[in-house]
Amino acid sequence: RGGASAQSGGKMASTAAGKQRIPKVAKVKNKAPAEVQITAEQLLREAKERELELLPPPPQQKITDVEELNDYKLRKRKTFEDNIRKNRTVISNWIKYAQWEESLKEIQRARSIYERALDVDYRNVTLWLKYAEMEMKNRQVNHARNIWDRAITTLPRVNQFWYKYTYMEEMLGNVAGSRQVFERWMEWQPEEQAWHSYINFELRYKEVDRARSIYERYILFSLLVLVHPDVKNWIKYARFEEKHSYFAHARKVYERAVEFFGEEHMDEHLYVAFAKFEENQKEFERVRVIYKYALDRIPKQEAQNLFKNYTIFEKKFGDRRGIEDIIVSKRRFQYEEEVKANPHNYDAWFDYLRLVESDTDAETVREVYERAIANVPPIQEKRHWKRYIYLWINYALYEELEAKASKRTRQVYQACLELLPHKKFTFAKMWLLYAQFEIRQKNLPLARRALGTSIGKCPKNKLFKGYIELELQLREFDRCRKLYEKFLEFAPENCTSWIKFAELETILGDIDRARAIYELAIGQPRLDMPEVLWKSYIDFEIEQEEYEKTRNLYRRLLQRTQHVKVWISFAQFELSAGREERLPRCRQIYEEANKAMRSCEEKEERVMLLESWRSFEDEFGTDATKERIDKLMPEKIKKRRKLQAEDGSDAGWEEYYDYIFPEDTANQPNLKLLAMAKLWKKQQQESEAAAMDPDKDIDESQT
């Protein structure tokens, strides 16, 4: 039996050794989802809420003898050492360990821990600070000095070490030691605040000369090494000298600063501080010179504060002229910026020139004018030149009226006329102004030559009119005739020119020439204002009391046009002729006009004629003629017509007034129909009124 069991046991062992045992997996019988589902968000929220649960505080342990204390120390040290061993780079573990040893007054042990920590990470600033603070708390001054020395030697760019070290020495009363530390620090060329700390340290002990030497070293570094080339450092140095009543030194510092920065790196703050210093010293002329020097060299957008302070200074200590100068200077800067931004902004140039003309010498004004006229419009189109040409006009007028330089004025006019592209367009205004200038200079040949050149290069109506007006003022009538001939050859459709030419001949008493001019004018195939020309010709004949010729003119005009105003004017002429047969003649004209206007589509014109005729009959006619004209007056009726939009769709209906003349036989049926319609409407109104009145008899209402 034993053998069998041993044999079977051996088989089981071999089987277990040959096969790997598979763990049993719990079988889930119900795989349906639970009724209450738990999300991941809910799990996280519950975990967060449980973190906030307060754990019961550990029980307080009371140590009663030395053995328990040593045992407690041993356990705590073992815990700290284990934490350090787990992660040596976590400096907070080292600091907690050292502070715990410090709390037990185990200074030597705490010092050893800090040294071990420094071996791990000597670049940690907090570690050095805690180490030095521990030594200072426990009044270990030499140890603290040693630590600070090691710290500033190892990490010289950490300013906090230097500040703490110098403060400790100063608190200990070791002024010389603190100064020595500052000197070591300055060798590293630190930032600005370090130098000012050193200066303030010396000033606390009334060492003004030492503070000045530090400022000089500081400025020397700025000049040579360019560590701090900043304006505020110079200003602080100058204010230091001013504060200690070394005014000459302060002025010299400002002058050195101005020289150092030059014109390339000018800063308004430096000049404002310099000017305020001189203002405190009652050197007002120096202040004014400083402000003007800076304003002439600093760009406008960078000198707002400078302008403001200069204005305040002038209001306090200057006169009215000084205040006006600063305002003009400020506006000049504004205009300079505008014309720099857009040189073709001629409105800005006009404002700028108006400013400099009011308060500047002639050379400066000429310089600005030359800069302005140099901005020629890039496109040779007249609309782009309309504003630009006034720069030349103003320039010429300034030279003539303000500068009294006639030679320069002539040069300005000639340069402008050479610049204009006369083949494309010209400005008659410029030619006429030049001619008028030459006349004022009593140089008539040059004026005539200029106007003749203008007519030859670029003839324009305005040029002809100006030249003719000039010759009329000079009473050169032969020249006027020649000019009118040239003018009418150039523009034969210009009715005004024909009229003026005829009026000139009338004034000169040559009636036949005037009549011939009118005949030539009305014979032109194309005229811009023919009605004005005919009216002038008719008025001319009336003035000459040539009534037959006037009637012939009216007849000739009526052959060309049947306008109602011509008929009315003809009738009024006959009425004003002043003869016995004037009334029959006038009535005959109205009769002819009425017959001629029957075929006219414009019924309003025919109505206008009849109204004029009726007013004539009311004043001069008999009862029979009045009754006849009343029968001729039309009936005014209201009609509707359909409107169409531009796309051909219906746009509704509109009402308009139409006239039906009794004379027109074609309109007789319309008049009869209109009378029947009015009678029907009247009957309808009467029947409606009877139906609304119950007291009336039924038979009467039916009737």
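One line per residue, one yes/no per condition, for (1) among the small types (Gly, Ala, Ser); (2) under 27 Å from CYS416 (Cα atoms); (3) open to solvent by 80 Å² or more (accessible area, probe 1.4 Å); (4) in contact with a Ser or Thr (Cβ under 7 Å, 6 or more places away or on another chain):
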{"position": "THR453", "(1), (2), (3), (4)": "no, yes, no, no"}
{"position": "LYS462", "(1), (2), (3), (4)": "no, yes, yes, no"}
{"position": "LEU483", "(1), (2), (3), (4)": "no, yes, no, no"}
{"position": "THR496", "(1), (2), (3), (4)": "no, no, no, no"}
{"position": "LEU504", "(1), (2), (3), (4)": "no, no, no, no"}
{"position": "ILE507", "(1), (2), (3), (4)": "no, no, yes, no"}
{"position": "ALA521", "(1), (2), (3), (4)": "yes, no, no, no"}
{"position": "ASP539", "(1), (2), (3), (4)": "no, no, no, no"}
{"position": "GLN544", "(1), (2), (3), (4)": "no, no, no, no"}
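Here GLN189 clears all of (1) closer than 26 Å to GLN108 by Cβ; (2) open to solvent by 40 Å² or more (accessible area, probe 1.4 Å); (3) in contact with a Phe, Trp or Tyr (Cβ under 7 Å, 6 or more places away or on another chain) except the condition numbered (1). Among residues of segment 48-69 that are open to solvent by 100 Å² or more (accessible area, probe 1.4 Å), none has a Cβ under 6 angstrom from a residue that is at pLDDT 85 or above at a sequence gap of 6+ or on a separate chain.
Within segment 552-568, the set of residues being β-branched (Val, Ile, Thr) and more than 12 Å from LYS535 (Cβ to Cβ) comprises THR561, VAL564, ILE568.
If the condition is being assigned to a helix (DSSP H, G or I) and of a type in the set (Asp, Glu), then segment 274-299 contributes GLU278, GLU279, GLU285. For segment 434-449, filtered to residues that are open to solvent by less than 10 Å² (accessible area, probe 1.4 Å) and of a type in the set (A, V, I, L, M), the residue that is modelled with the lowest pLDDT is ALA447.
Yes or no, residue by residue, for (1) in a helix (DSSP H, G or I); (2) open to solvent by 60 Å² or more (accessible area, probe 1.4 Å); (3) under 20 Å from CYS458 (Cα atoms):
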{"position": "TYR395", "(1), (2), (3)": "yes, no, no"}
{"position": "GLU400", "(1), (2), (3)": "yes, no, no"}
{"position": "LYS404", "(1), (2), (3)": "no, yes, no"}
{"position": "LYS424", "(1), (2), (3)": "no, yes, yes"}
{"position": "LEU432", "(1), (2), (3)": "yes, no, yes"}
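Run TYR659 past the list (1) of a type in the set (Ser, Thr, Tyr); (2) modelled with pLDDT of 70 or more; (3) open to solvent by less than 60 Å² (accessible area, probe 1.4 Å) and report the number of the one that doesn't hold. Failed condition: (2). Would you mind stating whether LEU446 is closer than 19 Å to ALA491 by Cα and more than 36 Å from the chain's Cα centre (by Cα)? It is false that LEU446 is closer than 19 Å to ALA491 by Cα and more than 36 Å from the chain's Cα centre (by Cα).
Listed by position, the helices (runs of 4 or more DSSP H) enclosed by segment 156-266 that each have at least 3 residues that are farther than 30 Å from PRO299 by Cα and not hydrophobic (A, V, I, L, M, F, W, C) are 159-171, 175-186, 192-204, 208-224.
The values are calculated or read from the model by the stated rules, or taken from the named source; none is laboratory data. Just so it is clear, the model here is predicted, and its values are computed rather than measured. Counting neighbours? That spans all protein chains shown, and the Cβs are built from the backbone with ideal geometry, glycine included. Quick note on the areas: whole protein, heavy atoms, side chains included, nothing else; ligands and nucleic acids left out. Shrake-Rupley method; radii C 1.70, N 1.55, O 1.52, S 1.80 Å.
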